[in-house]
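A.B. asks: Dropping a structure here in structure tokens format, bear with me for questions.
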Amino acid sequence: MNLPPERDASGRFVKPEQDLPQPNDDDMHPMSRVLFGWVSAPRTPMILLVLTVVIALGLVLVDFAVNRHEYLDFANANGFYALWGFAAFALAVLSGWPLGKLLRRDEDYYGEADTTPQDVEHDS
């Protein structure tokens, strides 16, 4: 029994309401549980954040022990490359907002064309 898909007044397809089963641990492949099971732990985000901060601070501390011979004097400053990298990354991320405003088309770029399918009667 193949029922035709339901459409709303505009002719768009409407999915029928369904109660989909929720995934649980029994649905997970054993190997994926071994490899990625730690991701579902509630403390994982905080542990990853602390680990990233500790590594970053450790690298800045190691920078005090490195004897550099840079061409530009300000590049010899301790922590310069950490600050330079952070500033470059922040600039790359924040430049996406004005670039999106510049390149994005308006919502009505294509106009208001009649998009009702042919097999749906118009409400006139």
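A.B. asks: So, residue 49, is that one under 25 Å from the mean Cα position of the chain (by Cα), at pLDDT 80 or above, farther than 30 Å from residue 86 by Cβ and among the aliphatic types (A, V, I, L, M) or not?
C.D. replies: When the stated conditions are applied, residue 49 does not pass them.
A.B. asks: Restricted to region 18-38, and to residues that are charged (D, E, K, R) and under 30 Å from residue 6 (Cβ atoms), which residue is modelled with the lowest pLDDT?
C.D. replies: Result: 19.
A.B. asks: In this structure, does residue 10 turn out to be modelled with pLDDT of 85 or more and out of contact with any Asp or Glu (no Cβ under 8 Å at 6 or more places or on another chain)?
C.D. replies: no
A.B. asks: Still on this structure: Name the residue, out of 50, 39, 14, 60, that is within 30 Å of residue 121 (Cβ to Cβ) and among the hydrophobic types (A, V, I, L, M, F, W, C).
C.D. replies: 14
A.B. asks: Just checking, how many residues over region 72-113 are within 26 Å of residue 58 (Cβ to Cβ) and not acidic (Asp, Glu)?
C.D. replies: Adding up the residues that qualify gives 21.
The values are calculated or read from the model by the stated rules, or taken from the named source; none is laboratory data. This structure is a prediction, so every number in the text was calculated from the model and none was measured. Counting neighbours? That spans all protein chains shown, and the Cβs are built from the backbone with ideal geometry, glycine included.
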